[in-house]
1. Among the listed residues Ala208, Ala202, which satisfies the condition of being open to solvent by less than 30 Å² (accessible area, probe 1.4 Å), within 14 Å of the chain's Cα centre (by Cα) and closer than 22 Å to Ser103 by Cα?
2. From Asn6, Asn60, grab the single residue that is part of a helix (DSSP H, G or I), without any contact (Cβ under 8 Å) to a residue 60 or more places away in the chain, open to solvent by 20 Å² or more (accessible area, probe 1.4 Å) and over 20 Å from Ala202 (Cα atoms).
3. Pairs needed: first member in segment 118-147, within 19 Å of Glu13 (Cα to Cα) and part of a loop (DSSP other than H, G, I, E, B); second member anywhere, open to solvent by less than 50 Å² (accessible area, probe 1.4 Å) and among the acidic types (Asp, Glu); C-beta distance under 8 Å; at least 6 residues apart or different chains.
4. Can you tell me how many residues in segment 133-174 are farther than 25 Å from Ile104 by Cβ, in contact with an Asp or Glu (Cβ under 9 Å, 6 or more places away or on another chain) and of a type in the set (S, T, N, Q)?
5. For segment 93-117: of the residues being in a loop (DSSP other than H, G, I, E, B) and open to solvent by 10 Å² or more (accessible area, probe 1.4 Å), which is modelled with the lowest pLDDT?
6. Take the conditions open to solvent by less than 50 Å² (accessible area, probe 1.4 Å), within 24 Å of Ile209 (Cα to Cα), without any contact (Cβ under 8 Å) to a residue 40 or more places away in the chain and among the small types (Gly, Ala, Ser) and apply them to Ser32. Does it pass?
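The values are calculated or read from the model by the stated rules, or taken from the named source; none is laboratory data. Remember, it's a predicted structure, so these values are computed and weren't measured experimentally. Cβ placement follows ideal geometry from the backbone for every residue including glycine, while neighbour counts extend to all protein chains displayed. These area figures cover heavy atoms from the full protein model, side chains too; ligands, DNA and RNA do not enter into them. Shrake-Rupley method; radii C 1.70, N 1.55, O 1.52, S 1.80 Å.
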Amino acid sequence: GNSDINTANHFAEIVFAYDVFQRSGYQVDFVSPKGGAVPLGYIYSDTLLMRYLYDEVFMNQLQSTYKPTDIDSQKYDAVFYAGGGAAMFGVPSDNTLQQIASSIYERSNGIISAVCHGTAGIANIKQSDGTYLVEGKKINGFPDLFENKKAAYFQEFPFSIEEQIKANGGIFNYSEQGWDGYIEVDGRVITGQDPTSSALVAKAVLKAIEKKLN
């Protein structure tokens, strides 16, 4: 936003999903609104996180992400939007990113997925017929229940994920308990609530890809 409040991409949400894709033999490319290095945060002591934190190839990917204009949507089976506060800025308003996702979903019969605040990235995606991608679909993301709506960070958010999904015709479902691996699978749109959902979303994406290929 226009503040001096730090924000970042959620390292754990990236790693937990990436590890699932990588171990299944899929290539993963990283793209961000401006390309290049992206801010990372939410890093804590965890064996898997530490392994990737010191993985030079992986970290170089995050230091040199693609610009949206570098991406050929025809080459991809799925899109995964990771969260963190940074996911609220630039991503939801980037028309090229939205067009990439819409193209993958419609033309390639691909899968759109997101976790936690990453769901902000899919909230405003429109399909070729002008309807919102989320319209009529069961969608999950970080709910208002767990946000501090009076806090300065939230005041900088361009919107509430939950409210935006509903405004665009989506059915926003979530776990009131939280941190319990909650995900929603509605056809080829797969979404999760928080970091505990990241790997589960990735596994559901793989299942959807395999179903598409068979």
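1. Numbers: Ala208 fails: within 14 Å of the chain's Cα centre (by Cα).
Ala202 is the lone residue from the list that is open to solvent by less than 30 Å² (accessible area, probe 1.4 Å), within 14 Å of the chain's Cα centre (by Cα) and closer than 22 Å to Ser103 by Cα.
2. Of the residues listed, the single one that is part of a helix (DSSP H, G or I), without any contact (Cβ under 8 Å) to a residue 60 or more places away in the chain, open to solvent by 20 Å² or more (accessible area, probe 1.4 Å) and over 20 Å from Ala202 (Cα atoms) is Asn60.
3. Asn140/Glu184; Gly141/Glu162; Phe142/Asp194; Pro143/Glu162
4. The number of residues fulfilling the criteria is 1.
5. Ser108
6. When the stated conditions are applied, Ser32 does not pass them.
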